[in-house]
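The values are calculated or read from the model by the stated rules, or taken from the named source; none is laboratory data. Here the structure is a predicted model, which is why all the values come from computation and not from measurement. Positions of Cβ are backbone-derived with ideal geometry, glycine not excepted, and every protein chain shown enters the neighbour counts. Side chains are part of the model used for accessible areas, which takes the heavy atoms of the whole protein and leaves out ligands, DNA and RNA. Shrake-Rupley method; radii C 1.70, N 1.55, O 1.52, S 1.80 Å.
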Amino acid sequence: GGVALLVKKNVTHNEISIQSEDEIIGISLQYSKDNNANASLKIFSHYNPPDKKLTLDTYNAILKKDESFLICGDLNAKHILLNNSVSNDSGICLVDALMENNWIILNNEDATYFNHKREYKQRLDLI
């Protein structure tokens with residue numbers, strides 16, 4: 001487990017206070033967009049252990065409807081629609097949230113977990 005976000009010193013950002021038992025951290029980056037210096041992008045790094053069901057309560061509490069954000073992490077969320085061979089509860093939760101909120105996944109189709117002894121691979125790390 002463990003999470004991290006690395007930000008260059010000269011990039012304007014604020015840490016997002018997250019009240020959660022999950023391993024998750026977040027920052028808000030400020031940038032200029034269409035001459036508006038108040039635009040922001042929230043970025044989260046999240047580790048969800050394989051034995052814990054993913055819930056999106058944390059995100060629902062800190063994200064507004066039309067906010068720009070990225071969630072990166074090892075979510076251990078398996079779903080056939082995410083190019084995995086099986087689905088688990090975390091994967092079902094994530095796919096439901098993707099469809100309900102019109103979110104997208106930026107990953108390519110490559111697997112991110114490999115077990116060469118068992119010839120097993122899954123796509124568990126997502127953006």
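Annotations for the structure displayed:
- Surface share of carbon and sulfur [accessible, 1.4 angstrom probe, percent] for the stretch 1-108: 48 percent
- Taking label points 7 Å from Cα along the Cα-to-Cβ direction, TRP103 and ASN10 give a separation of 3.3 nm.
- Computed over the alpha carbons of the stretch 6-62, Rg followed by Dmax gives 13.9, 46 Å.
- Using the alpha carbons alone, the radius of gyration of the stretch 59-102 stands to its Kirkwood radius in an Rg to Rh ratio of 1.00.
- In a DSSP loop and with at most 16 other Cβ atoms within 10 Å, the GluC sites (Glu not before Pro) in the stretch 1-85 are GLU21, GLU67.
- Whole-percent pair-distance distribution, where bins are 5 Å wide, for the alpha carbons of the stretch 1-111: 2, 10, 20, 23, 20, 13, 7, 4, 1, 0
- Surface analysis of the stretch 4-48 yields an accessible area of 71 Å² per residue, using protein heavy atoms and a 1.4 Å probe.
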